[in-house]
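Input: a single structure, listed below in structure tokens.
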Amino acid sequence: MTTDVNAETVDPVVENVRAALLAAGLPDTVVVVGDKVATAATAAAVLGCDVAAIANSLIFECGGEPLLILASGAAKVDVKRVAREHGLPKITRATADFVLEHAGQPVGGVAPLGHPRPIRTFLDTELARHPVLWAGAGSHQAMLSISYADLARVTGAVPTAVR
């Protein structure tokens, strides 16, 4: 594994995520790695953490609008449960183009913040079990570390059981 903490990168999407962290009053915790970390399992292996500590940023479509669910890498999101508990219309998996349009970031690298506009967000309550969470940072080779409390604060996410 090649890991370069706070490495200079020319990727403007990753730089936008770095700026969003700083604007939220958090340190720049972005780590750029030499290997692609587009799945929770590969990210956990590269970072040496439990897959359950990976906060997947999953964009769904709900009533034509984006919905971000920050879910543990160990969880399979039950979208019917989330919709039922929050009185939402049907939640469906978004296309890659829909994700890029609304998050400004590619599938597999979506960060919980740094989007063009705020996205309604739910946060998997199971993630609270981990003192340090890892989330995508805007590319397939960038991750950021953050606490559950900070993740909830900077995203305005509603804590939710997702499975």
Can you work out which of the residues in region 45-69 that are farther than 30 Å from Pro89 by Cβ and more than 14 Å from the chain's Cα centre (by Cα) is surrounded by the fewest Cβ atoms within 10 Å (Cβ to Cβ)? Gly48
Here is a check on your reading of the model: is Arg129 within 20 Å of Cys49 (Cβ to Cβ), in contact with a strand residue (DSSP E or B) (Cβ under 9 Å, 6 or more places away or on another chain) and of a type in the set (Lys, Arg)? yes
Tell me which residues, restricted to region 113-163, are of a type outside the set (Ser, Thr, Tyr), farther than 21 Å from Arg81 by Cα, part of a loop (DSSP other than H, G, I, E, B) and open to solvent by 10 Å² or more (accessible area, probe 1.4 Å). Leu113, Gly114, His115, Pro116, Arg117, Pro118, His130, Pro131, Val132, His140, Gln141
Need pairs with beta-carbon distance below 6 Å; first residue without any contact (Cβ under 8 Å) to a residue 60 or more places away in the chain and within region 51-67, second polar (S, T, N, Q) and in a strand (DSSP E or B); sequence gap 6+ or separate chains. Glu61/Thr92
Given the options Gly104, Gly109, name the one that is touching a strand residue (DSSP E or B) at 6+ places or on another chain (Cβ under 9 Å) and under 15 Å from Ser139 (Cα atoms). Gly109
Could you list all residues from region 91-112 that are of a type outside the set (A, V, I, L, M, F, W, C), buried (at least 20 other Cβ atoms within 10 Å of the Cβ) and under 22 Å from Ser147 (Cα atoms)? Gln105, Gly109, Pro112
Region 31-43, subset touching a residue at least 40 places away in the same chain (Cβ under 8 Å) and not β-branched (Val, Ile, Thr), residue most open to solvent (accessible area, probe 1.4 Å): Lys36
Select from region 68-91 the residues that are in a loop (DSSP other than H, G, I, E, B), touching a residue at least 40 places away in the same chain (Cβ under 8 Å) and touching a helix residue (DSSP H, G or I) at 6+ places or on another chain (Cβ under 7 Å) and list them in ascending order. Ala74, Ala75
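The values are calculated or read from the model by the stated rules, or taken from the named source; none is laboratory data. Note that the structure is a prediction, hence the values are computed from the model and not measured. For neighbour counting, all protein chains shown are included, and Cβ atoms are generated from backbone atoms with ideal geometry for every residue, glycine included. All accessible areas refer to the heavy atoms of the entire protein, side chains included, with ligands and DNA or RNA removed. Shrake-Rupley method; radii C 1.70, N 1.55, O 1.52, S 1.80 Å.
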